[in-house]
Amino acid sequence: MYALINARFYDYKNYRENVSIIFDDHIRFIKPMSEYKNDGYIEIDCTGKLVMPGFVSGHTHLYSTFARGMMIEFNPKDFLDILKQLWWKMDHFLDLDLVYHSAFMGALEQMSSGTTTLIDHHASGTISGSLNCIKKAVVDELKLRAILAFETSDRFNVSSAIEENLEFIEHNQRKNANGLFGMHASLSLSDETMTKISAKLKGAGIHVHVAESLLDEEDCRNKYGMRVVERLESFNLLNEKSLLVHCTHIDETEMDIIKKHGSTIAINITSNLNNAVGIAQIKKFLDKGIRVISGNDGLLPSQPIEYLNIYYLSHLLGKSPTSFSLDDLKTIINNTYDYANKILTTNLGSIKEDAEADLVIVDFNPYTPITKENIFSHVFFGVFPSFKPEKVIAGGKILIENYKTKENYQERFSLAKEKADRLWKIIGKEGKNVRFKY
């Protein structure tokens with residue numbers, strides 16, 4: 001059992017100083033240092049540090065890991081071109097070996113930036129067993145938590161994709177691994193496929209891209225005479241577990257439908273900027289009482305960068321520096337923990353007795369006064385911009401120590417380069433022959 005001594009902690013709800021935190025896989029005791037007694041604990045001195053909960057990535061794509069540095073013909077005119085010229089080519093050629101290694105390296109990088117739980121949205125040409133490959137890498141080997149789903153799409157064998165989701169959900173109802181029913185987006189899902197999914201859902205939550213670009217809404221209106229969220233509702237796919245990603249171009253009617261079903265929106269603001277698809281109406285979502293969480297869409301490994309961009313870009317969208325507050329951002333951060341807790345039946349995001357010991361420890365030496373009222377301002381403006389955890393702990397296991405992984409993964413990096421090179425060569429040789437019907 002470990003003891004964090006001389007600690008101060010902040011979990012977006014409570015701030016305390018000069019305490020001891022005793023933990024194994026869960027936090028067992030939190031006491032003032034004046035009451036602390038070492039009963040054989042392994043002590044970690046947190047003088048000059050801040051203890052916080054490990055982050056949750058509310059939507060990521062670990063299959064995209066090996067895209068970094070890849071040189072292919074890429075001249076997109078719109079969002080559909082981005083999918084066809086890059087992401088659909090990439091996932092098309094992923095076999096189980098590549099799925100495993102990309103998941104391992106992508107999760108390792110996010111872990112090094114303080115993320116201990118990942119909600120992943122997967123796609124690959126090899127379907128059967130792909131989610132277990134990701135679980136092996138992320139949960140079994142790296143010791144993180146994961147909520148996984150396969151992107152069912154008419155690009156793939158629909159029956160295999162449905163079975164992959166159902167099988168993973170059925171066999172993974174644990175506090176470190178669980179599943180959602182993955183769907184790509186309305187534009188790549190026919191009515192026939194939606195009917196099959198609806199018949200098989202059995203109360204599971206869906207994980208689906210919604211109106212990431214205007215293309216998705218235009219396609220839905222042109223083909224089906226309704227908007228994307230209306231279409232999802234018409235197939236009875238919305239419930240309190242459902243995760244609707246992006247929602248950049250939904251209207252107020254769609255927002256009201258999401259609110260009615262208690263579904264959750266996962267925003268990915270940095271990716272939306274990169275793809276030039278727009279900025280979601282985050283403040284309006286919150287004001288309507290919709291649960292909004294934050295992911296990274298597989299683009300960046302750092303959740304704090306996402307939080308910074310959410311705050312500043314919401315000011316730009318609202319045309320006022322007061323249109324979106326730090327309290328609004330804090331709501332999104334806490335929502336992200338709450339959603340993961342709903343799926344995993346955990347108590348992440350809280351530093352209190354009986355909560356899971358998923359923690360990060362960062363250097364913290366503020367040069368202005370600090371109080372429980374202004375602590376989040378210190379964290380946002382002082383900690384997040386250059387966030388690099390000294391320690392990362394998940395399920396009571398120390399994964400990062402002194403800014404380095406506890407395990408030596410150097411061979412993994414060398415192997416990953418070989419795997420990425422293999423993928424790039426396959427795409428370079430065969431990618432031009434891949435055709436998509438959308």
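Within region 9-53, restricting attention to residues that are over 16 Å from Ser350 (Cβ atoms) and in contact with a Leu (Cβ under 6 Å, 6 or more places away or on another chain), which residue is surrounded by the most Cβ atoms within 10 Å (Cβ to Cβ)?
Result: Cys46.
Which of the residues spanning region 201-215 are within 22 Å of the chain's Cα centre (by Cα) and over 17 Å from Ile162 (Cα atoms)?
Answer for region 201-215, where residues must be within 22 Å of the chain's Cα centre (by Cα) and over 17 Å from Ile162 (Cα atoms): Val210, Ala211, Glu212, Ser213.
Could you tell me whether any residue of region 71-84 is at pLDDT below 95, in contact with a helix residue (DSSP H, G or I) (Cβ under 9 Å, 6 or more places away or on another chain) and among the polar types (S, T, N, Q)?
Scanning region 71-84, I find at least one residue that is at pLDDT below 95, in contact with a helix residue (DSSP H, G or I) (Cβ under 9 Å, 6 or more places away or on another chain) and among the polar types (S, T, N, Q), so the answer is yes.
Restricted to region 143-177, and to residues that are closer than 22 Å to Lys342 by Cβ and among the aliphatic types (A, V, I, L, M), which residue is surrounded by the fewest Cβ atoms within 10 Å (Cβ to Cβ)?
It comes out as Leu166.
Within region 230-253, which residues are closer than 20 Å to Ser294 by Cβ and either over 24 Å from the mean Cα position of the chain (by Cα) or among the charged types (D, E, K, R) (or both)?
Correct list: Glu240, Lys241.
I'm told Gly69 meets every condition in (1) more than 23 Å from Lys391 (Cα to Cα); (2) buried (at least 19 other Cβ atoms within 10 Å of the Cβ) except one. Can you identify the failing condition by its number?
With respect to (1) more than 23 Å from Lys391 (Cα to Cα); (2) buried (at least 19 other Cβ atoms within 10 Å of the Cβ), Gly69 is out only on (2).
Does region 140-155 contain any residue that is under 23 Å from Gly428 (Cβ atoms) and in contact (Cβ under 8 Å) with a residue 24 or more places away in the chain?
Yes; the residues of region 140-155 include at least one that is under 23 Å from Gly428 (Cβ atoms) and in contact (Cβ under 8 Å) with a residue 24 or more places away in the chain.
With respect to the numbered conditions (1) in contact with a Pro (Cβ under 9 Å, 6 or more places away or on another chain); (2) surrounded by fewer than 17 Cβ atoms within 10 Å (Cβ to Cβ), which one is the sole condition not fulfilled by Ile305?
(2)
Condition check ((1) modelled with pLDDT of 95 or more; (2) buried (at least 16 other Cβ atoms within 10 Å of the Cβ)) across all residues:
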position	(1), (2)
Asn341	yes, yes
Asp354	yes, no
Ala357	yes, yes
Arg435	no, no
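Give the residue, chosen from Val158, Val208, Val229, Val245, that is touching a strand residue (DSSP E or B) at 6+ places or on another chain (Cβ under 8 Å), more than 25 Å from Val56 (Cβ to Cβ) and β-branched (Val, Ile, Thr).
Going through Val158, Val208, Val229, Val245 in turn, just one is touching a strand residue (DSSP E or B) at 6+ places or on another chain (Cβ under 8 Å), more than 25 Å from Val56 (Cβ to Cβ) and β-branched (Val, Ile, Thr): Val158.
Any residue at all in region 71-80 that's within 17 Å of the chain's Cα centre (by Cα), polar (S, T, N, Q) and assigned by TED's automatic domain parsing to the domain that holds Ile169?
no
Any idea which of (1) free of Cβ contacts under 8 Å to residues at least 24 places away in the same chain; (2) within 20 Å of Glu430 (Cβ to Cβ); (3) among the small types (Gly, Ala, Ser) is the one Ser64 doesn't satisfy?
If we test Ser64 against (1) free of Cβ contacts under 8 Å to residues at least 24 places away in the same chain; (2) within 20 Å of Glu430 (Cβ to Cβ); (3) among the small types (Gly, Ala, Ser), just (1) comes out false.
The values are calculated or read from the model by the stated rules, or taken from the named source; none is laboratory data. Because the structure is a prediction, the values reported are computed rather than measured. Positions of Cβ are backbone-derived with ideal geometry, glycine not excepted, and every protein chain shown enters the neighbour counts.
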